[in-house]
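Asks: I am attaching a structure below and will ask some questions about it afterwards.
The values are calculated or read from the model by the stated rules, or taken from the named source; none is laboratory data. Keep in mind that what you see is a predicted model, and the values were worked out from it rather than measured. Virtual Cβ from ideal backbone geometry, glycine too; neighbours counted across all protein chains shown.
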Amino acid sequence: MRIDKFLNAVNITKRRTVAQDMLANGVVSINGQSVKASKNVAVGDIIAIAYLKGEKRYEVLQIPTTKSTPKSMQSEYVKELN
């Protein structure tokens, strides 16, 4: 699954266009490398997002099969790292 679709599907971003803007501006990286919106995500990847207040990191646990998932199920797909 593409990174922009993944961020939206697991409720890290509210809309896919927000994810695409973040990727275009270089604030999202996978395993330490800045990526484009078309980059595929794999289980075990570490996604880092640089917000103004600091960086958040997520480990990919599972790839969703549907376009969107309930917010309550987010922990099945990603684990927030500190």
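Asks: Give all pairs with beta carbons closer than 6 Å in which a residue from segment 1-19 that is free of Cβ contacts under 8 Å to residues at least 12 places away in the same chain meets a residue that is of a type outside the set (S, T, N, Q); count only pairs at least 6 apart in sequence or on separate chains.
Replies: If the second residue must be of a type outside the set (S, T, N, Q), the pairs left are T13/L7; T13/A19.
Asks: Which residue out of K39, K5 is more than 18 Å from T69 (Cβ to Cβ) and buried (at least 16 other Cβ atoms within 10 Å of the Cβ)?
Replies: One residue alone meets the criteria, K39.
Asks: Quick one: K14 ticks every box in (1) at pLDDT below 95; (2) assigned to a strand (DSSP E or B) except a single one, so which number is it?
Replies: Just one mismatch for K14, condition (2).
Asks: Does A42 satisfy the criteria of being within 10 Å of the chain's Cα centre (by Cα) and not in a strand (DSSP E or B)?
Replies: Considered against the rule, which asks whether it is within 10 Å of the chain's Cα centre (by Cα) and not in a strand (DSSP E or B), A42 comes out as no.
Asks: Return the total of residues in segment 48-82 being of a type in the set (A, V, I, L, M), in contact with a strand residue (DSSP E or B) (Cβ under 9 Å, 6 or more places away or on another chain) and more than 12 Å from M1 (Cβ to Cβ).
Replies: 6
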